[in-house]
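J.: This structure is in structure tokens; I'll ask about it shortly.
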Amino acid sequence: MAKHSRLVRIIGRAILYLILIVGAIIAMTPFFWMISTSFMSLGETINRAWIPQTPQWGNYAEAWKQANFGVYFKNSVIITTVSLLGLMINSILAGYAFASIKFPGKNIIFAILLATMMVPESVTVLPSLLLVRGSIIPLPGVDSRAFDACVGAGGQVLACQFQNFTFGASWLNTLQALTIPFMANAFSIFLLRQFFQQMPSELYDAARIDGAGHLRYLFQIVLPISKAPIMTVLLFGFIGSWNSFMWPLLVTTRDVKRPIMVGLWNFVTEAGPQTHLLMAGAVITLIPILIVYFITQKQFTEGIATTGLKG
Amino acid sequence: MASVTYKHVWKRFGEVIALRDLNIEIEDKEFLVLVGPSGCGKTTALRCLAGLEEVSEGEVLIGDMVVNDVAPKDRDIAMVFQSYALYPHMSVFDNMAFGLKLRKLPKADIKQRVEEAARILGIEKLLERKPRELSGGQRQRVAVGRAIVREPKVFLFDEPLSNLDAKLRVQMRTEISRLHHRLATTFIYVTHDQVEAMTMATRIAVLNYGVLQQLDTPQELYDRPANKFVAGFIGSPAMNFFNAKLERYNGSLAVVTDHFTLPVPEDRLATYAQYEGKDVIFGIRPEDIYNPQFTPPGITVAPVKIKVDVTEMMGNEIFVYWVYGKDEYVARVDPRTRYQIGEEVEVVFNMNNMQLFDLSVDAENPPAIR
């Protein structure tokens with residue numbers, strides 16, 4: 001009887017591992033193909049090879065140069081940094097307010113906020129575009145349409161008079177258009193609010209008696225013990241901003257403003273895609289994500305120390 | 001060091017009334033314990049004093065100053081919480097120093113105060129540790145230390161021992177009492193544990209449903225409870241209550257119940273005379289019931305027949321339970337007593353310590369007849 005059940009257990013385990021291995025292969029294959037293709041010659045990509053005969057290390061340098069990746073990379077870093085900064089400030093403050101501060105209409109506002117999570121991006125993209133073009137409400141800024149008139153056909157800046165600050169500007173081709181829409185999202189606020197809500201109220205009471213107000217309590221007590229959710233928001237925010245493609249494509253018309261994901265599109269030419277360079281470019285764009293992922297991964301595992309509360 | 005006064009304090013949470021017209025005057029250097037069952041308003045009263053809750057009506061004074069609109073940090077109080085509420089990411093030193101840093105005290109002063117408090121509490125060696133590296137008792141000490149360094153006028157304790165095991169609780173109880181003598185400051189202490197209240201307090205305020213039931217010394221509360229609630233709450237096991245009538249008996253007065261008739265001692269006759277013929281509650285503490293073999297001299301005893309339901313050997317005493325109808329009663333008798341379960345025995349009540357409560361005033365919580 002014992003032998004029989006042991007056999008069943010071994011078979012069960014074997015089937016389980018088999019399913020997991022198949023799943024892992026399915027998940028890993030595109031990734032493997034991307035890296036493999038990034039080392040191929042153009043001919044090999046056309047012949048749909050799996051492994052390059054001689055790794056073409058030069059693909060990376062060529063991709064970087066040919067697509068003007070330096071500019072795109074710099075743009076992406078700026079856009080992502082500014083977006084994340086805004087995202088963190090807004091999400092932390094809003095999450096804290098929803099968790100810990102009483103104000104009229106709090107639950108209704110929070111419900112509306114949550115409802116926005118259900119709306120797909122493709123539905124809001126057109127209204128958002130009209131918004132940043134200044135077609136719905138007047139936007140403050142230097143009108144980028146005026147700036148466009150100052151750029152020559154080859155992208156060189158012509159000597160021309162810039163318009164002054166106005167309240168009827170279009171934000172197309174501006175940093176605002178690329179960052180502000182990413183500076184708050186319902187998911188981040190929701191995630192932080194849920195975590196902040198678990199903080200024992202006595203911790204705030206103790207801080208109040210010690211002389212702390214909401215802001216000091218938030219920054220000196222709550223945030224240091226909220227590393228895990230903050231890293232989660234940071235990671236998701238980073239991936240979202242770094243990987244965004246459709247939105248930057250819509251709100252930019254000039255390469256000098258475009259981020260790296262849009263830059264990848266340069267390898268799709270009228271003569272067909274240069275797949276080997278496209279994949280080399282894709283690997284380059286992936287590196288920062290991997291770095292951020294591994295940094296935040298470590299923070300996740302450190303866990304949350306709330307052991308100062310109760311025995 | 002300061003007195004504390006609650007003047008006609010009301011606290012409402014929407015429809016719920018947590019405090020009803022609370023009036024307490026706490027003297028300087030007093031150790032006042034607020035005690036009562038869960039939801040009686042004791043913690044709310046403490047939080048109103050700390051400034052963590054606003055009072056709905058009335059005034060709270062620290063010293064001569066009304067503090068209703070004063071921020072918690074400016075009230076010159078310190079509070080020890082039930083969950084300790086230590087900042088988990090800070091070392092013990094930083095936990096204790098946090099409030100002082102916010103008050104912008106010089107670093108040398110902060111260091112000196114923290115080290116002094118740590119020395120008093122015997123936690124000098126733990127200053128670099130994080131709260132998670134401490135035992136429950138050590139965390140408790142850190143929480144007390146955080147209060148001490150502020151050198152407040154009033155110390156507030158919100159059930160600080162309820163997360164500790166029984167042995168440590170007894171130890172910390174004596175430590176807090178010692179601390180009170182050493183610091184000679186006003187202590188206000190909230191607990192639901194009447195043993196803590198009795199052992200530590202100079203005076204106890206008993207609350208129920210947001211109403212102050214009695215404010216007195218532990219001995220007075222025990223000997224002369226103001227009403228049935230206080231009588232039942234103070235003392236463990238709780239006082240036994242019997243529905244009774246005061247009737248004329250052999251030219252004197254007697255307490256008559258369905259199960260026994262007991263003559264009233266002579267010194268109480270004058271007090272109880274006007275209640276003749278009235279329904280009352282008769283109360284007797286378990287420790288005022290004796291096995292007749294081991295009755296101390298000099299008390300007025302009255303015999304009662306009981307049928308033993310359960311006995312519990314405690315070592316230094318025996319709890320004997322019996323039942324009348326649906327109600328259970330208990331006696332604490334001499335440990336040499338040998339009663340068998342089911343046995344019908346005679347016990348005696350010490351009538352000198354009997355209590356009577358006047359049902360005609362309040363049927364729910366009748367006041368004691370004095």
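J.: At 222 nm, what value in deg cm²/dmol follows for the protein assembly as shown if DSSP H runs of at least 4 each add -39500 (n - 2.57) and the sum is divided by all its residues, to the nearest 500?
T.: Using -39500 (n - 2.57) per qualifying helix, the result is -13000 deg cm²/dmol.
J.: Of B:Val211, B:His181, B:Leu134, which is farthest along the charge dipole of the stretch B:107-259 in the positive direction, counting Lys and Arg as +1 and Asp and Glu as -1 at C-beta?
T.: Going by the Cα projections, it comes out as B:Leu134.
J.: Need one number: nm distance between label points at A:Phe32 and B:Leu269, each 7 Å from Cα along Cα→Cβ, rounded to one decimal.
T.: Spacing of the two 7 Å Cα→Cβ label points: 10.7 nm.
J.: Can you say what percent of the DSSP beta bridges in the protein assembly as shown, counting only those with both residues inside, are antiparallel? Round to 5.
T.: Percent antiparallel among DSSP bridges in the protein assembly as shown is about 80.
J.: What translational D, rounded to a whole number of µm²/s, comes out for the stretch B:10-101 from Stokes-Einstein when the hydrodynamic radius is the Kirkwood one over Cα pairs, at 25 °C and 0.890 mPa s?
T.: In µm²/s, the coefficient is 163.
J.: Give me B:Phe319, A:Phe196, B:Phe229 sorted ascending by neighbouring Cβ count inside 10 Å, so fewest comes first.
T.: The most exposed by this proxy come first: B:Phe319, A:Phe196, B:Phe229.
J.: So who's got an amide H within less than 5 Å of the one on B:Val211, skipping anything under 5 residues away but keeping other chains? H placed 1.01 Å off N, in plane.
T.: Those qualifying (amide H under 5 Å, at least 5 residues apart or on another chain) are B:Arg20.
J.: I need B:Val149, B:Val195 ordered by Cβ neighbour count within 10 Å, fewest first.
T.: By the 10 Å Cβ count, ascending, the order reads B:Val195, B:Val149.
J.: Could you please state, rounded to a whole Å, how far the C-alpha centre of the stretch B:201-257 is from the C-alpha centre of the stretch A:241-270?
T.: One Cα centre to the other: 83 Å.
J.: Moving on to the next point. Give, in nm to one decimal, the length gained when the segment between A:Ile19 and A:Ser135 is fully stretched (0.36 nm per residue of separation minus the Cα-Cα distance).
T.: Fully extending the segment from A:Ile19 to A:Ser135 adds 36.5 nm.
J.: In peptide B:83-95, how many Cβ atoms from other protein chains are near each Cβ within 10 Å, on average?
T.: 6
J.: Can you name the helices of chain A, as whole DSSP H runs, whose Cα span along the helix axis is 27 Å or more and whose Kyte-Doolittle mean is not below 1.0?
T.: Result, helices passing both filters: A:2-38, A:69-100, A:275-302.
J.: Next question. Considering every Cα-Cα pair within the stretch B:108-227, what fraction, in whole percent, is farther apart than 19 Å?
T.: 52
J.: Okay, moving on. Taking a ≥ b ≥ c as the square roots of the eigenvalues of the Cα gyration tensor of chain A, is the shape rounded (a/c under 1.5), prolate (a/b larger than b/c) or oblate?
T.: oblate
J.: Which entries in the list B:Lys7/B:Lys29; B:Lys245/B:Lys305; A:Lys227/B:Lys101; B:Lys228/B:Lys307; A:Lys106/B:Lys42 go over 22 Å, if you measure between the two C-alpha atoms of each?
T.: Details: B:Lys7/B:Lys29 19 Å; B:Lys245/B:Lys305 19 Å; A:Lys227/B:Lys101 24 Å; B:Lys228/B:Lys307 26 Å; A:Lys106/B:Lys42 30 Å.
Too far apart for the 22 Å limit: A:Lys227/B:Lys101; B:Lys228/B:Lys307; A:Lys106/B:Lys42.
J.: Work out the charge dipole of the protein assembly as shown with +1 on the Cβ of Lys and Arg and -1 on the Cβ of Asp and Glu about the Cα centre, then indicate which of A:Ser226, B:Thr311, B:Val114 is farthest towards its positive end.
T.: A:Ser226
J.: So, R0 is 25 Å and r is the distance between the beta-carbons of A:Ile289 and A:Thr81; what FRET efficiency does that work out to, to 0.05?
T.: Here the calculated transfer efficiency is 0.95.
J.: Give, rounded to the nearest 20 debye, the magnitude of the charge dipole that the protein assembly as shown has about its Cα centre when Lys and Arg contribute +1 at Cβ and Asp and Glu contribute -1 at Cβ.
T.: I would put it at about 2860 debye.
J.: If each residue's Cβ is checked for other Cβ atoms within 10 Å, how do A:Val77, B:Val347 rank with the fewest at the top?
T.: A:Val77, B:Val347
J.: Mind giving me the FRET efficiency for B:Ala238 and B:Ile17? R0 is 25 Å, r the Cβ-Cβ distance, nearest 0.05 is fine.
T.: With a Förster radius of 25 Å, E is 0.45.
Read-outs: derived from the displayed coordinates by stated rules, not from any lab. Values in this document were obtained by computation on a predicted structure and should not be read as measured data. Virtual Cβ from ideal backbone geometry, glycine too; neighbours counted across all protein chains shown.
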